[in-house]
Amino acid sequence: MPLMRSWVQSANSPDTDFPLNNLPCGVFSRKDEDPRCGVAIGDMILDVSALEEVGLLRLADEPVLDVPFWNEVMELGPDAWARLRILLLGFLTEGSDVKSQVEPYLVPQAGSRMHMPFLVSEYTDFYAGKHHAFNVGSMFRDPDNALPANWLHIPIGYNGRASSVVVSGTDVRRPLGQLKPPGSEGPVFGASQRFDFELEMGAVVGKASEGMVSVPEADTMIFGYVLLNDWSARDIQAWEYVPLGPFQAKATATTISPWIVMKAALEPFRTPTPAREVPLLPYLREPGPMLYDIALEVALAPEGKAETVISRTSYAEMYYSAAQQLAHHTSSGCAMNVGDLLGSGTISGPVRDSRGSLLELSWGGKEPLTLATGDERSFIADGDTIVLRGHCQGDGYRIGFGECRGKVVAAATLPDWAR
Ligand code: MN
């Protein structure tokens, strides 16, 4: 598919994240105004809440864009999502006959503040990248037993905390927790010394489930995707994870990018999951390509210094797709709701500089990274900013996700009663 040209000139640039082909959904505010729904186009935001208010954009009998989140649009279902896209394409396409009516509702992204684009109902995080699972298993257990016996059969996950999810730009405070330093007889309580990021994609569920759903049905329930950083305290994790998996190590914060890229924009970039090493049970089999070819990168910037890109990989590395994860999630009868967020699991590629966490990049701290600034890192230092970026490369355009950015600030002082 070629670039679809818009009368918004910045949207026709080959390196904008937001050409007319994209049209991602976000929530923004200007100065002291209340947050409202907007759609990114080039370096501008189309204020769709205002368009609905003046009667130019109508998706249902009742208003659905008069709230600062996209859940009510999701509730309308896939037919309405498709109708929204057609309406927006009509508004913004080059030569549109409603240009003069729509143009007053464009605001610059510069000077706008982004907010959470949807209300997170519940958050589940998976462990579906094989290179990551192998690397972590090699470090936490041993290379001969790296992949658990179930790994090639089940997209392994755990129930995370919706309350942990924050939007890009939110500072993240280094967690306190119970950990067992190397050589220590017993555990101590203190600030995590091995605080880390995880490069992931998040799938946003836009349609509730009734009972068990198939993989193709699950695919139709996904509204769109965001970048996701599943901040992880490795020392807390290593001590607490047996036998029920991560708990406090993952509960500090989960940062998402502010724009939900709707599935329709990603359609030209569908790609199959890698070849199965063992056949999956029928309920998990995919009828066609369900992953997307999304180029991903991670940058680290020490306080006040330039960033270094420390990893480059692709979402196509995942062993399981979000549709498979969602289908598996419903297999017990677990109800999935509008606004549920599914973390893909850390996306690591096969080589060192494609690893999606510092745990893997520094191999547990044994091989520290040297940044372009000369600084060395095994894990995140206070003041470091981590930025995730991602895009699909089209012919003369890209479908980008914007940035997923978070700065780590020093841990809180330990209260006297915790000493
Ligand atoms: Mn994770």
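Bear in mind these aren't lab numbers, they're just calculated from the coordinates by the rules spelled out. None of the values given here were measured: they were computed from a predicted structure. All Cβ positions, glycine included, derive from the backbone under ideal geometry; neighbour counts span all protein chains shown.
Here are some notes:
- Loop-located GluC sites (Glu not before Pro) across segment 66-147 with a Cβ neighbour count of 14 or fewer within 10 Å are GLU94, with loop assigned by DSSP.
- For segment 1-70: span of alpha carbons on each principal axis (Å, largest first): 36, 30, 18
- Per-q log10 I(q)/I(0), segment 9-115, q = 0.11, 0.20 Å⁻¹ (Debye; single scatterer per alpha-carbon; no solvent): -0.31, -1.10
- Surrounding net charge for ALA411, when Lys and Arg each add one and Asp and Glu each subtract one, Cβ distance under 11 Å: +1
- Rounded to the nearest 20 debye, the dipole magnitude of the chain is 640 debye, with +1 charges on Lys and Arg beta carbons, -1 on Asp and Glu beta carbons, and the Cα centre as origin.
- Relative contact order of segment 333-395, defined on C-alpha pairs under 8 angstrom at six or more residues apart (%): 17 percent
- Residues of segment 329-346 with an amide N closer than 20 Å to a point placed 7 Å from the Cα of GLU217 along the Cα-to-Cβ direction: 329-342.
- Over 30 Å between alpha carbons, listed pairs LYS31/LYS207; LYS130/LYS305; LYS99/LYS207; LYS31/LYS407; LYS31/LYS250: LYS31/LYS207; LYS130/LYS305; LYS99/LYS207; LYS31/LYS250
- Here the contact order of the chain, divided by its residue count and restricted to Cα pairs under 8 Å and six or more residues apart, works out to 21 percent.
- Normalised size of segment 172-224, defined as Cα radius of gyration per 2.2 N^0.38 Å with N residues, equals 2.01.
- 222 nm mean residue ellipticity, helices alone, for the chain (DSSP H n ≥ 4; -39,500 (n - 2.57); rounded to 500): -4500 deg cm²/dmol
- Segment 239-316 and segment 359-385 have their alpha-carbon centroids 21 Å apart.
- Qualifying GluC sites (Glu not before Pro) in segment 178-224, DSSP loop, other Cβ atoms within 10 Å at most 15: GLU185, GLU210
- Given +1 at the Cβ of Lys and Arg, -1 at the Cβ of Asp and Glu and no other charges, the dipole of segment 113-213 around its Cα centre is 260 debye to the nearest 20.
- Residues SER321, SER96, ranked from the fewest to the most other C-beta atoms within 10 Å, line up as SER96, SER321.
- The chain: most fluctuating residue of ALA82, ALA299, ALA218 per GNM, C-alpha cutoff 10 Å: ALA82
- A straight chain from LEU281 to ALA208 at 0.36 nm per residue would run longer than the Cα-Cα distance by 23.9 nm.
- Separation between Cα centres of segment 205-229 and segment 125-150, rounded to whole Å: 26 Å
- If you take the alpha carbon atoms of the chain and fit the smallest convex hull around them, that volume is 158 Å³ per residue.
- With both labels modelled 7 Å from their Cα along Cα-to-Cβ, the ILE86 to GLU53 distance reads 2.8 nm.
- Applying both filters, DSSP loop and at most 14 other Cβ atoms within 10 Å, to the GluC sites (Glu not before Pro) of segment 253-311 gives GLU277, GLU303.
- Springs between Cα atoms under 10 Å define the GNM used for the chain, and in it the highest mean-square fluctuation of PRO182, PRO289, PRO117 occurs at PRO182.
- Fraction of antiparallel bridges per DSSP, the chain only, in percent to nearest 5: 90 percent
- Taking segment 273-419 and dividing mean pair separation by its residue count, relative contact order in percent (alpha carbons under 8 Å, at least six apart): 23 percent
- Extension gain, GLU367 back to SER331 (0.36 nm per residue minus Cα-Cα distance, nm): 8.8 nm
- Computed over the chain with a Gaussian network model linking Cα atoms closer than 10 Å, the most mobile of PRO155, PRO24, PRO287 is PRO287.
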